Each structure stands twice: as C-alpha cells, then as structure tokens.
1. Given a Förster distance of 35 Å, report the FRET efficiency between Glu22 and Val44 from their Cβ-Cβ distance, rounded to the nearest 0.05.
2. Stretch Ile6-Ile37 to full length: gain in nm at 0.36 nm per residue minus the Cα-Cα span?
Amino acid sequence: MSDILIVTTENIPGKRYEVIGEVFGLTTQSKNIFRNIGASLKNVVGGEIKD
C-alpha cells in the first residue's frame, strides 16, 4: 500500500495526486464545566448537545 498524503489545500505544487474524496469532522464547544462534561459524554456515547 502506498503512503497517503492528507492536506487541507486544493493543490500540491510539484506533486501528482489523485483525489479520492472529501472528509469532514465535527467539533463540540462548551461555555462552562457542566457543558464540558456534556461534551465529553457526547464523545463517548454520541448524540447531540442542545443549546
């Protein structure tokens, strides 16, 4: 298997590459200790934190 280069730019000067697809990620932000605990639980069990 060849090495996979993951970048956040549209092109890589001087390199040949094949676009396989897009990826995305999610982040959780909280404003206080209770929301931090909720964010940690969300990471463990999944789900959505309501504002």
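1. Details: r = 27 Å, r/R0 = 0.76.
E(calc), rounded to 0.05, equals 0.85.
2. Numbers: separation 31, 0.36 × 31 = 11.16 nm, distance 3.14 nm.
Additional length available on full extension: 8.0 nm.
Every read-out reported here was derived from the displayed coordinates using simple, explicitly stated rules and does not represent laboratory data. Worth saying up front: this structure is predicted, and the values here are computed from it rather than measured. Virtual Cβ from ideal backbone geometry, glycine too; neighbours counted across all protein chains shown.
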